[in-house]
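What follows is one structure encoded as structure tokens, with my remarks underneath.
Read the figures in this text as sums done on the coordinates, not as results from a lab. This is a predicted model, so every value here is computed, not measured. Counting neighbours? That spans all protein chains shown, and the Cβs are built from the backbone with ideal geometry, glycine included.
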Amino acid sequence: MSQRILQNGRLLPTLEDALAREFDIHPLWKEADPAAFLARHGAEFTGMVTSAVVGADGALMRSLPSLKVISSFGVGYDSIDIDTARALGIHVSNTPDVLNDCVADLAMGLLIDAARGLSAADRFVRRGDWLNAKFRLTTQVTKKRLGIVGLGRIGRAVARRAAGFEMDIRYHNRRPAEGVAHEYMASLEELARWADFLVVTAAGGAGTRHLISREVLQALGPDGFLINVARGTVVDEAALVAALRDGLIAGAGLDVFEKEPHVPPALFELDNVVLLPHIASGTHETRQAMSDLVLNNLRSYLREGRLLTPVC
Ligand code: DGY
């Protein structure tokens, strides 16, 4: 029996083509009335492909009574209702590891940009301000203190890069990570107080919501920088906007926001923050590797009943 796969949300065109060549795939986003379509055809689908951005909620899973597997594009799965998937016996995979280097590269890029004012200096030159003034002095990166919030696979890749900048590295996790020489700090506020740069690489979801609170930002202090390449929800965005505006912290580099693609307009007025449109894994090489893993997870599950990179 041929397996029908539901596509929830847009994917890279090359991945959509590859999926269409190999599977009986149906893009739900093309349906004018998705609910009516699912009511008529939901029981036909045994698989789903989605992405970390679009995810899959419990209601969608329940409208697909034959669903056995979800292969998701992206490492984060906070947009997928994992509790419901478990309860319904649906297997879920993500695309870990293949993006570690790419995201860590971007984290370091954001850190250097925020500290040295690269984007702000670029705007300064383009405006013609250099003709009449000197650009402000900035903050050195080499030999500074780096606090990593969430020392998982991406956090470790950031630490390896930061070691090249001779940075002193400490981290905060729920519990100490195994096989790590860097100093563990059980208190996030203590880590923020110690650090010159706080880089957030923790997973999103209810457990980390607003972990970076006003108190943590206050502890980071007027010379400290916050870098977020994880999820916007990990940071209390209203508190961050106020901290940047009032000089509670020195600056920030943000690839993620609480309500993407909406960015708090107050941030557009500030020169001490670098704003990126969630591009940390967005290179040709990494997106290809992520696409391959989405396909391979689906193939492996449908042929052998086994996911290569299971979440549950
Ligand atoms: C991920 O892989 O989770 C990235 O953040 C893309 O959404």
**Q.** Using alpha-carbon coordinates, inclination of helix 237-246 to the longest axis of the chain, degrees
**A.** 20
Q. Dipole of the chain, Cα-centred, from +1 at each Lys and Arg C-beta and -1 at each Asp and Glu C-beta, to the nearest 20 debye?
A. 260
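I need to check one value: relative contact order of the chain, counting alpha carbon pairs closer than 8 Å and at least 6 residues apart, in percent. Let's see the in-between values first.
Numbers: 586 pairs, mean separation 52.2, N = 312.
Relative contact order of the chain: 17 percent.
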Q: Would you mind checking the tilt of helix 100-116 against the longest principal axis of the Cα atoms of the chain, expressed as 0 to 90 degrees and rounded to 10?
A: 30
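What is the packing order of peptides 35-43, 84-92, 293-301, taking the mean over residues of other C-beta atoms within 10 Å and listing the highest first?
Numbers: 35-43: 13.8, 84-92: 16.8, 293-301: 20.9.
By packing density, highest mean first, the sequence is 293-301, 84-92, 35-43.
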Q. If you rank SER79, SER66, SER281 by fewest surrounding Cβ atoms within 10 Å, what's the result?
A. SER66, SER79, SER281
Q | Estimated [θ] at 222 nm from DSSP helical runs (n ≥ 4, -39500 (n - 2.57)) normalised by residues in the chain, nearest 500 | A | -10500 deg cm²/dmol
Q) Where the centroid of each part is defined by its Cα atoms, how far is region 152-179 from region 67-138 in Å? A) 17
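Just want to confirm a number: the relative contact order over region 68-139, from Cα pairs under 8 angstrom separated by 6+ residues, in percent.
Relative contact order comes out at 26 percent.
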**Q.** Inter-label distance for ASP24 and ASN132, nm, one decimal - labels placed 7 Å from Cα along Cα-to-Cβ
**A.** 6.9
Q) According to a simple spin-label model (label point 7 Å from Cα along Cα-to-Cβ), what is the distance in nm between ASP168 and LEU118? A) 2.6
**Q.** Top positive-direction residue, dipole computed over region 227-312 with Cβ charges, set ALA243, VAL274, LEU308
**A.** LEU308
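Can you tell me the length gained on complete extension of the stretch THR283 to SER187, counting 0.36 nm per residue apart and subtracting the Cα distance? Don't skip to the end; give the middle numbers.
On the way: separation 96, 0.36 × 96 = 34.56 nm, distance 3.48 nm.
Full extension of this stretch gives 31.1 nm more.
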